[in-house]
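Undergrad: Can you keep this structure in mind? I'll have questions shortly.
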Amino acid sequence: MGAWSAEPFGNDTAADWAWGLAEADNWDLVLDALIAVLGEDPANVDADLASLAIAAAEVVAHAFGRPTQVDAYTEGVSEFIARVPSPPDGIVPVALTALGIAASPRGELAELWRESGDDEWAIATGRVRDSLLAVDGAVAVDHAAEVGSASEGGLPPRGGTLVVLAVVQFFVGGLVLFVAAVMLIFGAATYYDGMLSLIGWVVAAVFVAVVSMIGAFVIGLPVRLVPAVRSRWLAHGELTVAGVVLGFVGCVIIIAVAPMSTATDELGTYEVRDTNGWVLLAAWSLFAISVAHFVLPLRWTRRAAR
């Protein structure tokens with residue numbers, strides 16, 4: 001690693017990478033550098049990947065007006081920020097998590113700087129972290145102000161903010177759960193006695209949807225409130241997509257393969273499905289939690305923006 005300063009763009013790897021920003025027309029290059037280290041053990045992240053993630057975090061800091069390095073090596077960054085659209089929602093916590101991994105004392109890059117006997121690198125990466133933390137706090141306050149003014153003019157136009165996303169997901173997700181519950185209840189039914197059954201099924205679906213949505217939101221509070229967890233949620237939306245698909249398909253299969261038996265009560269004798277309730281509950285819980293905290297994968301939103 002050729003380095004002439006401890007600043008984010010004070011090394012060959014980051015400086016070379018910055019040349020790519022001159023041709024970039026979206027945030028793909030920055031997001032790729034951040035996502036490359038997410039979920040990795042810091043000890044397994046090589047120095048070049050770590051350098052790119054730190055440089056990408058500095059680009060995010062530039063985008064929000066809190067750069068830590070402004071010199072000839074960041075002129076391309078300033079031009080990039082002026083040219084491309086605003087950074088994607090949720091990029092700040094992603095950058096914070098990526099920076100934490102890239103600058104970890106257990107990483108190869110940190111070890112190289114320790115061997116050099118220079119403490120400036122730790123100070124420089126700390127400044128980037130402090131800038132991003134300040135941005136994250138300012139964005140949260142800004143989001144709260146937007147929601148507070150929403151009563152006069154409806155939801156704010158930037159519906160991708162975390163607070164607005166939670167409100168929208170609660171109602172839209174509740175509707176999705178209601179529709180899914182109706183479909184599953186109708187599919188599982190083996191006895192129908194007219195309008196009474198129909199009303200009962202709809203009421204049951206409403207109850208299941210409301211209880212499930214509230215429970216999923218409570219269980220998933222760490223996803224929205226803990227920065228480290230929130231960044232992983234935003235960076236790995238594929239998991240919520242998989243949860244929705246696997247959970248609902250699982251419910252359908254569990255109901256479809258349930259054996260039939262005969263039941264007798266005051267209404268007469270009829271067939272019922274012997275569904276494994278605990279297995280069905282597990283599949284439905286996966287589906288409900290994934291719907292409640294659904295987020296489009298970053299790679300999908302980036303592809304759509306091209």
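The values are calculated or read from the model by the stated rules, or taken from the named source; none is laboratory data. Please read all numbers here as calculations on a predicted model, not as lab measurements. Note that each Cβ is placed from the backbone with ideal geometry, even for glycine, and that neighbours are counted across all protein chains shown.
Undergrad: So, in the range 164-206, of the ones that are assigned to a loop (DSSP other than H, G, I, E, B) and touching a residue at least 40 places away in the same chain (Cβ under 8 Å), which residue ends up farthest from the chain's Cα centre (by Cα)?
TA: Top of the filtered list is ASP193.
Undergrad: Please determine whether any residue of the range 209-219 is out of contact with any His (no Cβ under 7 Å at 6 or more places or on another chain), at pLDDT below 95 and on the phi > 0 side of the Ramachandran plot.
TA: Within the range 209-219, none of the residues are out of contact with any His (no Cβ under 7 Å at 6 or more places or on another chain), at pLDDT below 95 and on the phi > 0 side of the Ramachandran plot.
Undergrad: For the range 115-132, what are the residues that are in contact (Cβ under 8 Å) with a residue 40 or more places away in the chain, closer than 21 Å to GLY2 by Cα and of a type outside the set (A, V, I, L, M)?
TA: Those that are in contact (Cβ under 8 Å) with a residue 40 or more places away in the chain, closer than 21 Å to GLY2 by Cα and of a type outside the set (A, V, I, L, M): ASP118, GLU120, TRP121, THR125.
Undergrad: Need the failing condition index for VAL77 against (1) free of Cβ contacts under 8 Å to residues at least 60 places away in the same chain; (2) over 20 Å from the mean Cα position of the chain (by Cα), just the number.
TA: With (1) free of Cβ contacts under 8 Å to residues at least 60 places away in the same chain; (2) over 20 Å from the mean Cα position of the chain (by Cα) applied to VAL77, the lone miss is (1).
Undergrad: Answer yes or no as to whether SER197 is of a type in the set (S, T, N, Q), surrounded by 15 or more Cβ atoms within 10 Å (Cβ to Cβ) and either modelled with pLDDT under 90 or in contact with a helix residue (DSSP H, G or I) (Cβ under 7 Å, 6 or more places away or on another chain) (or both).
TA: No: the conditions fail for SER197.
Undergrad: Okay, moving on. Among the residues of the range 207-226, count how many are free of Cβ contacts under 8 Å to residues at least 40 places away in the same chain, in a helix (DSSP H, G or I) and either exposed (fewer than 15 other Cβ atoms within 10 Å of the Cβ) or not assigned by TED's automatic domain parsing to the domain that holds PRO259 (or both).
TA: Residues in the range 207-226 being free of Cβ contacts under 8 Å to residues at least 40 places away in the same chain, in a helix (DSSP H, G or I) and either exposed (fewer than 15 other Cβ atoms within 10 Å of the Cβ) or not assigned by TED's automatic domain parsing to the domain that holds PRO259 (or both): 8 in total.
Undergrad: Might you check whether a residue that is of a type in the set (Ser, Thr, Tyr), modelled with pLDDT of 90 or more and farther than 24 Å from VAL295 by Cβ occurs anywhere in the range 52-69?
TA: yes
Undergrad: Could you say whether any residue in the range 95-114 is within 21 Å of ASP25 (Cβ to Cβ) and not acidic (Asp, Glu)?
TA: yes
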